[in-house]
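The values are calculated or read from the model by the stated rules, or taken from the named source; none is laboratory data. All values derive from a computational prediction rather than experimental measurement. Here the Cβ is made from the backbone with ideal geometry for all residues, glycine too, and neighbour counts use every protein chain on show. The accessibility values were calculated without ligands, DNA or RNA, using every heavy atom of the protein model including side chains. Shrake-Rupley method; radii C 1.70, N 1.55, O 1.52, S 1.80 Å.
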Amino acid sequence: MARTMRVRGLVIAVMAVALAAALSAPAFASPVLVVDGDHVRRADDPFVPPAPEVDLGPAPGRARHQAISAAGGGGGVSAALARAYRAHAISRTSYAGYRRTFGRARSTLSRLSGARRRELGYVVQTLERLAQARRLTPSRMPAQFLGLRRNAAYWPSKRFPAVGDQIEFKGSELLFQYFPGRGLQFHPLSNFKKANLLHGACKKRTPGKAKLVCGARPPGPKPGTPCRPKRLAHLLDELSALAVHRDRRFIAWEYMFEFGGGSPPWISGMAEATAISAFGRASQLLGRPDYLATARSALGAFEVPHPAGVRARGPLGGVHYLQYSFAPRLFIFNAFMQALIGLHDYGKLAADPRATQLFTEAEPEARREVPFSDVGDWSRYNFRGHESSPLYHELLREILQGMGQRLGGIYCDYAIRYRGYQTDPPKVVFQGPRQAVHGRVVGVRFSLSKLSVVELKVYRGHRVVHRGLATLRQGNRSLPWRADKPGTYVVRLGAKELRTGRSKRGRTSARVPVS
């Protein structure tokens, strides 16, 4: 677990540095590994969402670790396939194909060792545990055996991916992502964000016409990005085939790996809402009414309580939509409001009263929660939780901007405020002392507007006679100083903020007579 936490900490730190260098403009794409037969190449795809946008966030609990056995076992998978075939839930062709895929994966696993064996072994054993628990249902089989086939093809000889690498296989638009120790995993949020990027490229704004919204320009397609409607249709058709019938009441796109104490299969409200809006937008663009039907079938995730769905009672008593279906007491601001945006947009474009009702039921809770995201000079990631990283502060600001674009009011107010937290230099105001007595320690008092490294320098003439340095949070603060001799001293305070990585500074000075 310690190694996992170190890796996650490094990833978040790297992403935070990248974000700090680009706060003024949204990211549009990231590199992708493209698998073509025996070859893997790194390519730039403007429709692949950047890694920070699809990061799952800080784990809500302790990760679980399962021991990976050898290539033996497999009885649960074989029994699940046989039951589905006897019930006529899968065809003879699918039955034979799934058996062949599982057999080849186990054979491949037996020939691997070290890290590659652990990665593929996790995927094989996850499938077996799912089958033994009688949760390998016919609707789950397409996604599960596709993931198994991709991992079995990748791990024997392909280049070892970096943490968070996204992978495409030639002939498919689907994205897989590398999660250390979990193999290559289907990541629903990444795929539906890709769909929205493909759609956005076909709905370009006129250059120079984008208006400021809540103090900033809203995200949009990168200038010059081509419209690729065939790729969009291909991706959504593939995603339609991977939808799972969950709780017998709705379809969903599931995560099939352990994360933060949650066991597979679990779902995400943010990913589900992004899926609904992606299908709705593409239906209009491509003239595909079947996509609207798919979106409607997914709305149940917001009607069914956790853990089957993502509906929960919020911290302020209203309806809240969860980021993780397995974490009913973790209320993540950005995820909740992104889910609301998806429901709002789909409800409007499809004139769907059910989606609009789901939005209307939960939006008052979001409005009440927003002030709790503010710590005075930065934002919180979750309700009464820890502060956001620079990555998640910017993500929340963008999502608040999106809510403000649709509803205005408090959402715009906080989007503008959070932008100021990123761009305004720290303010340091001298408060005292107005005089001092030599030989006695006094506190140099000042107010500080945001988390900063504060440097105190005391001059007598042109010579620095005292220096102090401290990392301090906002508020009324002080640093100690003792003057050895009578005279007039110049006290100078400098503050450099810590969160965004920019060299924004605040300064103040005052003369202090010492008797």
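Points worth noting:
- Verdict on LYS230 being open to solvent by 60 Å² or more (accessible area, probe 1.4 Å), part of a loop (DSSP other than H, G, I, E, B) and either at pLDDT 95 or above or touching a Phe, Trp or Tyr at 6+ places or on another chain (Cβ under 8 Å) (or both): no
- Candidate set from region 345-365 (those that are free of Cβ contacts under 8 Å to residues at least 40 places away in the same chain and crowded, with 20+ Cβ neighbours inside 10 Å); member that is farthest from ASN196 (Cα to Cα): PHE359
- Selection of region 291-344 for residues being in a helix (DSSP H, G or I) and without any contact (Cβ under 8 Å) to a residue 40 or more places away in the chain yields only ALA293.
- In region 96-115, residue nearest to ALA131 (Cα to Cα) [restricted to those that are aliphatic (A, V, I, L, M) and either within 32 Å of the chain's Cα centre (by Cα) or part of a loop (DSSP other than H, G, I, E, B) (or both)]: ALA105
- One residue stands out in region 243-298 among those that are touching a strand residue (DSSP E or B) at 6+ places or on another chain (Cβ under 9 Å) and among the hydroxyl-bearing types (Ser, Thr, Tyr): the one that is surrounded by the fewest Cβ atoms within 10 Å (Cβ to Cβ), namely SER297.
- Residue count for region 359-391, restricted to those that are assigned to a loop (DSSP other than H, G, I, E, B), closer than 24 Å to PRO52 by Cβ and of a type outside the set (A, V, I, L, M): 8
- Some residue of region 369-380 being closer than 22 Å to ILE410 by Cα and open to solvent by 60 Å² or more (accessible area, probe 1.4 Å): yes
- Single condition THR225 does not satisfy, out of (1) open to solvent by 40 Å² or more (accessible area, probe 1.4 Å); (2) hydroxyl-bearing (Ser, Thr, Tyr); (3) over 30 Å from ALA89 (Cβ atoms): (1)
- Just so you know, in region 148-166 the residues that are touching a Leu at 6+ places or on another chain (Cβ under 7 Å) and in a helix (DSSP H, G or I) include one that is most open to solvent (accessible area, probe 1.4 Å), and it is ARG150.
- The condition (being open to solvent by 10 Å² or more (accessible area, probe 1.4 Å) and at positive phi) is satisfied by just one residue among GLY461, GLY420: GLY461.
- Filtering region 473-512 to residues that are over 15 Å from HIS462 (Cα atoms), assigned to a strand (DSSP E or B), hydrophobic (A, V, I, L, M, F, W, C) and free of Cβ contacts under 8 Å to residues at least 60 places away in the same chain leaves LEU479, TRP481.
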